1. Using beta carbons and a limit of 7 Å, which pairs, at least six apart or on different chains, have the first residue in region 107-123 and without any contact (Cβ under 8 Å) to a residue 12 or more places away in the chain and the second one part of a helix (DSSP H, G or I) and buried (at least 17 other Cβ atoms within 10 Å of the Cβ)?
2. Can you name every residue in region 1-49 that is in contact with a strand residue (DSSP E or B) (Cβ under 6 Å, 6 or more places away or on another chain) and among the charged types (D, E, K, R)?
3. Of all residues in region 17-73, which are within 19 Å of Pro6 (Cβ to Cβ) and of a type in the set (S, T, N, Q)?
4. Can you tell me which residues in region 64-74 are open to solvent by 20 Å² or more (accessible area, probe 1.4 Å) and not in a helix (DSSP H, G or I)?
5. Looking at (1) surrounded by fewer than 19 Cβ atoms within 10 Å (Cβ to Cβ); (2) within 27 Å of Leu22 (Cα to Cα); (3) in contact with a Gly (Cβ under 9 Å, 6 or more places away or on another chain), can you tell me which one Pro131 breaks?
6. Exactly one of these conditions fails for Ala146: (1) touching a helix residue (DSSP H, G or I) at 6+ places or on another chain (Cβ under 8 Å); (2) open to solvent by less than 60 Å² (accessible area, probe 1.4 Å); (3) touching a residue at least 24 places away in the same chain (Cβ under 8 Å). Give me its number.
7. If the requirement is being within 19 Å of Asn141 (Cβ to Cβ) and among the hydrophobic types (A, V, I, L, M, F, W, C), which of these qualifies: Ile9, Ile74, Ile116, Ile13?
8. Go through Ala79, Ala101, Ala128 for me and flag whichever is within 20 Å of Ala10 (Cα to Cα) and hydrophobic (A, V, I, L, M, F, W, C).
Amino acid sequence: LPPGLPLTIAGTIWDQDYHQHLRSLARGKTVAFELSPSDERLISLYRAAAIHVAPSVTRSYKGESHPNAELMGITTMEALASGAPVAVSNVCSLPELIEGADVGEVFADDAELRSILDRVKDGSWLRAHPPATCRSFASANYSSLAVGRKIIAAYESIVRHRS
């Protein structure tokens, strides 16, 4: 986290050891923890964010393997729908969620994430990934109407293939 860039970590504590690990990493930095935010508060956080970071990993800070760590990326889709551009780690489904769109970037390591966060701090990130672009991308690809159309097309393809 670049000095002077605030960070909000929002969510429910499922692992007390991990929560304490995050708190120790946050010491001396401008980090706020929003524990179990309501849906309304979560929407407010997304809308106020210059970036949503999905830092999923396949190996935990303790060295445990989690090969299917991010099968859907719901927080990434929620952020985009709220107009927050995203930075996603290059694991599991996350890169596919933003592929071919100007709604964020994929990072492979801490150095790449730091580069992205430096651009957030200098303001160039939001100019490169406008909130309106994020919202329209999410609507076109992840709304219930868009997903419903994709499901219907898949069923129609199966029916045509069987005929």
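1. Arg119/Trp125
2. From region 1-49, those in contact with a strand residue (DSSP E or B) (Cβ under 6 Å, 6 or more places away or on another chain) are 1, 7-10, 31-34, 37, 45; that's our starting set.
Within region 1-49, just Glu34 meets the criteria.
3. Scanning region 17-73 gives Ser24, Thr30, Ser44.
4. Going residue by residue through region 64-74, those that are open to solvent by 20 Å² or more (accessible area, probe 1.4 Å) are 64-72, 74.
Matches in region 64-74: Glu64, Ser65, His66, Pro67, Asn68, Ala69, Glu70, Leu71, Met72.
5. Of everything listed in (1) surrounded by fewer than 19 Cβ atoms within 10 Å (Cβ to Cβ); (2) within 27 Å of Leu22 (Cα to Cα); (3) in contact with a Gly (Cβ under 9 Å, 6 or more places away or on another chain), Pro131 misses just condition (2).
6. Checking Ala146 against (1) touching a helix residue (DSSP H, G or I) at 6+ places or on another chain (Cβ under 8 Å); (2) open to solvent by less than 60 Å² (accessible area, probe 1.4 Å); (3) touching a residue at least 24 places away in the same chain (Cβ under 8 Å), the one that fails is (3).
7. Values: Ile9 fails: within 19 Å of Asn141 (Cβ to Cβ); Ile116 fails: within 19 Å of Asn141 (Cβ to Cβ); Ile13 fails: within 19 Å of Asn141 (Cβ to Cβ).
The conditions single out Ile74.
8. Numbers: Ala101 fails: within 20 Å of Ala10 (Cα to Cα); Ala128 fails: within 20 Å of Ala10 (Cα to Cα).
Result of the check over Ala79, Ala101, Ala128: Ala79.
The values are calculated or read from the model by the stated rules, or taken from the named source; none is laboratory data. Keep in mind that this is a model prediction, so the values were computed, not measured. Counting neighbours? That spans all protein chains shown, and the Cβs are built from the backbone with ideal geometry, glycine included. Only protein heavy atoms, including side chains, enter the accessible area calculation; ligands, DNA and RNA are left aside. Shrake-Rupley method; radii C 1.70, N 1.55, O 1.52, S 1.80 Å.
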